[in-house]
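Below is one structure, written out as structure tokens, with a few remarks after it.
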Amino acid sequence: MGKPGQQRLHRPQGRWSPVLLSPVLLTAVIASLAYTTPRSMAFSRILPAAPALAAAMWPVLPTVLLGTVCFLLMIGLGIVFPDLGTGYTAAGIVAVTVAAAYGSHVRLQREQSLFQVRLVADAAQQVVLGPMPRCYGGIEVESLYLAAAAEARIGGDFYEVADTGFGVRLLIGDVRGKGLPAVGAAAAVVNSFREAAYDEPDLAGIAHRLEASSTRYNAAFPPDDLMERFTTAVLVEIPCEGGIVRILNFGHPPPLLLTREGVRVLDPTAPSPLLNLADLIGDHYQTDTFAFAHGDQLLLYTDGVTEARDRAGEFFPLADWMRRQTPAHPRELLDRLHRDLLRYSSGGLDDDIAALAVRSREAPAPLDGPKRQAA
């Protein structure tokens, strides 16, 4: 899974798979046993189970048709075996089929409602995780978003990239909590970044704007929840002249820098307050500068990556994993991370995951060649 725009919601297809055919197979097995075994075993009495099973996966009409087939089979069994107690079982088949048809109708209505809710959730997520270019001059950026479960298409992880006059600026973060409140808080931060990134001359100015937006959004909630409504994030700036990267960390997992010499964990020299908590712990923001040469790769991620667990409960060793990687395109790096995370956790992710891979490369030369200086 790459960009959020690659995620799609598909309605169930009406193809007949072995699972969908199981009610028919069950009917055939019960009928065969009823005809071939002694009457004392009375396998025919479990024929009502077939329409009941069909209600869990079939539309109303096929469910009723299967119940009718079971009823006719029971009548046939009653003709062959007159003392089988056909009347009671046939009445049971009719009753179960009626109940199964109603259950199928209710299930289909709920599936339709859930499908519409997922469409709304997916649209809300797109507001936070909009599509982005893959290349900004000499900087390549790729993104990854993984939901903890297939139906969990909405959460508080977010990222954004802006190509500004100050350089390429990136944001990645994680709102505490899930659902629409978390998405609302994430949207407030991301929308503020989309404006501030082009206006503010330094990362501290952007940080103040993000804090103000987060505080305004959370002011609508009870003050008792203030300590529970915070956002961790990382701001990154790669100046136009290149060679360095500036990072401001709001209590977020530190980025990893892969260079020719190895992997470096870019921990902040001093902590900056989490978003929405500056009023409580101060608003001093510390920006750190690190070397960022051509070919270096920067990995930004949310805590869902490092908190992925294996069967023994051990956390995913991201730094060690990064040390084993060879220089590659950012998309390839994230594809490896995606694959190894699912393998490590046996496909059972406990939290949403967002990541950005950033690589510095030589900017392509202009098509018309270097311009001459005026005499």
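So which residues in region 34-67 are among the aliphatic types (A, V, I, L, M) and closer than 18 Å to Ile79 by Cβ, if there are any at all? Result: Ala34, Ala42, Leu47. Quick one: is Glu111 among the acidic types (Asp, Glu), assigned to a helix (DSSP H, G or I) and at pLDDT 85 or above? Judged against the criteria, Glu111 is a match. Taken over region 43-67, the residue count meeting the criterion of being over 25 Å from Phe81 (Cα atoms) and either outside the structural domain of Gly87 (by TED's automatic domain parsing) or out of contact with any helix residue (DSSP H, G or I) (no Cβ under 8 Å at 6 or more places or on another chain) (or both) is 1.
Scanning region 304-317 for residues that are loosely packed, with under 12 Cβ neighbours inside 10 Å and among the acidic types (Asp, Glu) returns a single hit, Glu314. State whether one or more residues within region 325-347 are touching a helix residue (DSSP H, G or I) at 6+ places or on another chain (Cβ under 6 Å) and assigned by TED's automatic domain parsing to the domain that holds Ala182. There is no residue in region 325-347 that is touching a helix residue (DSSP H, G or I) at 6+ places or on another chain (Cβ under 6 Å) and assigned by TED's automatic domain parsing to the domain that holds Ala182. Restricting region 224-238 to residues that are in a strand (DSSP E or B) and crowded, with 21+ Cβ neighbours inside 10 Å, the residue that is modelled with the lowest pLDDT is Thr231. The combined condition, being outside any helix (DSSP H, G or I), of a type in the set (Ser, Thr, Tyr) and either at pLDDT below 85 or within 30 Å of Leu342 (Cα to Cα) (or both), is not fulfilled by Ser40. For Leu84, the conditions (1) modelled with pLDDT of 80 or more; (2) not assigned by TED's automatic domain parsing to the domain that holds Thr164 all hold with the exception of (1). Exactly one residue out of Leu25, Leu21, Leu47 is loosely packed, with under 15 Cβ neighbours inside 10 Å, modelled with pLDDT of 80 or more and out of contact with any Pro (no Cβ under 9 Å at 6 or more places or on another chain): that is Leu21. The set of residues from region 265-303 being among the hydroxyl-bearing types (Ser, Thr, Tyr) and surrounded by fewer than 15 Cβ atoms within 10 Å (Cβ to Cβ) comprises Thr269, Thr289.
The values are calculated or read from the model by the stated rules, or taken from the named source; none is laboratory data. Everything quoted here is computed from the prediction, not taken from an experiment. Quick reminder, even Gly has a Cβ in these numbers, built from the backbone with ideal geometry, and neighbours come from all protein chains shown.
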